[in-house]
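Q: Just dropping this structure here.
Derivation of every value follows stated rules applied to the coordinates shown; laboratory data play no part. Everything numeric here is computed off the predicted structure, so don't read it as measured data. Here the Cβ is made from the backbone with ideal geometry for all residues, glycine too, and neighbour counts use every protein chain on show.
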C-alpha cells in the first residue's frame with residue numbers, strides 16, 4: 001500500500017494554516033515527524049526537499065506532517081521569522097496528534113533556522129525528539145571563524161587549489177585581501193563574540209541553549225560536510241563549554257553527511273539524510289521500549 005497525502009487546514013491564533021499530512025500505507029509507527037521549514041521557505045522546500053523527505057519517511061512507516069507558518073506559503077497572517085513561530089509549531093503539534101490518533105510522540109525535523117526554531121519550541125510535552133539539520137547559530141564572529149577554519153585552511157589541502165596556482169589562474173593579491181578582511185572581522189569582534197556565542201539574555205542563541213538544556217528527549221544532529229552553517233554550529237558546540245556540555249551529551253547523536261551541501265541538493269545526499277533519520281528513529285524507538 002502506498003502512503004496517502006492529505007491537505008489540511010487548521011487555525012493558529014485566528015489565522016488559517018495550511019499543511020500536508022503523509023499517512024503511511026505500511027503499519028504506522030507510534031512516532032510521527034513534524035517538518036519545520038527554514039525560511040524564507042514554504043512546506044515544499046528547495047528542490048522539493050521537504051516533500052521528498054516526508055515521502056521517504058512515510059515509506060518507512062512514519063506519519064509526517066509539513067506546514068506553512070503564518071505569513072508563509074499558503075497560510076494566512078503577517079510575516080514572521082524563526083524566532084516568532086513557537087505558537088505555530090505548538091499548534092501544528094496539536095493538530096498532528098488530533099489527525100493521527102495512533103501517535104504517542106512527535107519528533108521535530110528542522111533545517112537551518114527551522115532547526116533553530118524547532119529547538120526553541122521543543123517545550124511541548126508531546127515532543128520527544130529533535131532532528132536538527134545544519135542548525136542556524138549565525139554570529140559575525142562565528143561565521144568569520146568558520147570561514148577561516150573550514151574554507152581557507154582546507155583549501156591549502158585541495159588539489160584543485162594548487163592546480164590553479166600552477167596554471168596561473170590564482171590571484172594571490174585578491175585572496176590575501178579577502179583573508180585579511182575575514183581575519184580583521186574576527187579579531188575586532190572577539191570581545192562581543194564571546195557574549196554572542198554564550199548567548200546574551202533574550203537573544204536567539206540563549207533561547208536555543210536554554211531549550212537544549214531543558215529538553216529531556218533525544219536529539220540527532222545532521223551536519224553536511226560542505227556547509228559553513230553546519231561548520232559554525234559544530235564550532236560553537238566544541239568551543240563554548242555550555243554548548244559542548246549539552247550537545248555532546250548522552251542523548252545527542254551526530255551524523256556527518258560526506259559531500260552534502262546545506263540543503264542536500266543532490267538526491268543521493270537527501271536520501272542519506274532520510275536514511276540517517278529513519279535509522280535513528282528506529283534505534284531510538286527500540287530504546288524507548
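Q: What number, in nm² with one decimal, is the all-direction average of the projected area of the convex hull of the alpha-carbon atoms of segment 57-106? All intermediate terms of the calculation are to be shown ahead of the outcome.
A: Working: hull surface 16.8 nm².
In nm², the orientation-averaged hull projection of segment 57-106 is 4.2.
Q: Further question: Given a Förster distance of 41 angstrom, what is the FRET efficiency for residue 74 paired with residue 30, based on the Cβ-Cβ distance and rounded to 0.05?
A: On the way: r = 30 Å, r/R0 = 0.72.
The pair residue 74/residue 30 has a calculated efficiency of 0.90.
Q: Now, a different point. For a Förster distance of 25 Å, can you work out the FRET efficiency between the beta-carbons of residue 225 and residue 90, rounded to the nearest 0.05? Could the numbers behind the result be given before it?
A: Numbers: r = 33 Å, r/R0 = 1.34.
For R0 = 25 Å, the calculated efficiency reads 0.15.
Q: OK, next. Using a basic spin-label model with each label point 7 Å from the Cα along Cα→Cβ, how many nm lie between residue 266 and residue 287?
A: That separation, rounded to one decimal, is 2.9 nm.
Q: Points 7 angstrom from Cα along the Cβ direction at residue 98 and residue 81: gap in nanometres?
A: Each label point lies 7 Å from its Cα, and together they span 3.1 nm.
Q: Quick one: if the Förster radius is 30 Å, what FRET efficiency do residue 239 and residue 216 give, using the C-beta to C-beta distance and rounding to 0.05?
A: 0.75
Q: Starting from 0.36 nm per residue, how many nanometres of slack lie between residue 253 and residue 126 once their C-alpha separation is accounted for? Present the calculation step by step, with values, prior to reporting the outcome.
A: Numbers: separation 127, 0.36 × 127 = 45.72 nm, distance 2.03 nm.
Net length gain for the segment: 43.7 nm.
Q: Points 7 angstrom from Cα along the Cβ direction at residue 13 and residue 275: gap in nanometres?
A: Placing both labels 7 Å along Cα→Cβ, they lie 4.2 nm apart.
Q: Moving on. Order the peptides 8-14, 108-114, 259-265 from the highest to the lowest mean number of other Cβ atoms within 10 Å of their residues.
A: Values: 8-14: 14.0, 108-114: 27.1, 259-265: 18.3.
Highest-to-lowest ranking by the protection proxy: 108-114, 259-265, 8-14.
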